[in-house]
Amino acid sequence: MRRRSRLDILNKQIASPDTSDSDRAAAQAEVQAKEQDFAKKTSDVANLLVTAKEGEISPADQEVALSALAVGSSKLTTTEARTTAKTAITGATAKTTNVGLQNRLGQIGATFG
């Protein structure tokens, strides 16, 4: 939640006509770095979900992780972060034979177009 709040603040700063060019550039760089970090963590989480043995992750915990991936991924704004997350989701989807998990990951991946 704290990261989302920071990103919201940065995006408001970027959009504000009162923000100087140098402050806007700094805010854009920070947004890009934070989004890329999230996109890389998307790969870690997705791979953990698809490589876990049956029973290692409860269905409730799996749902929480998938929901977090869906919400976080849908809010990515930079092309680099969106590409990284899409590649991670697509790669993870191909690694599992669990049809339910494939469908959920596919839904998340579809948000990238």
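The values are calculated or read from the model by the stated rules, or taken from the named source; none is laboratory data. Treat the numbers as computed from the prediction; the structure is a model and nothing was measured. Calculation scope for accessible area: heavy atoms of the full protein, side chains included, ligands and nucleic acids excluded. Shrake-Rupley method; radii C 1.70, N 1.55, O 1.52, S 1.80 Å.
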Under 26 Å between alpha carbons - lysine pairs in region 11-113 that sit 8 or more apart or on different chains: 20
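Rounded to a whole number, what is D in µm²/s for region 13-71 from Stokes-Einstein with the Kirkwood radius over alpha-carbon pairs (20 °C, 1.002 mPa s)? Let's see the in-between values first.
Working: Rh = 13.8 Å.
Diffusion coefficient, whole number: 155 µm²/s.
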Surface share of carbon and sulfur [accessible, 1.4 angstrom probe, percent] for the chain: 55 percent
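Could you grab the relative contact order for the chain? Cα pairs under 8 Å, six or more apart, rounded to a whole percent. Please report the intermediate quantities before stating the final value.
Numbers: 83 pairs, mean separation 30.4, N = 113.
With pairs under 8 Å counted, the relative contact order is 27 percent.
Rolling a 1.4 angstrom probe over the protein heavy atoms, how many square angstrom per residue are accessible across region 49-113? Write out the running numbers ahead of the final one.
Details: 3750 Å² over 65 residues.
Ligands and nucleic acids excluded, the result is 58 Å² per residue.
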In Å, descending, principal axis extents of the Cα set of the chain: 53, 24, 17
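Sort Asp61, Asp8 by accessible area with a 1.4 Å probe, largest first. Each step should come with its number before you reach the end.
Details: Asp61 95, Asp8 65 Å².
Output order, biggest surface exposure first: Asp61, Asp8.
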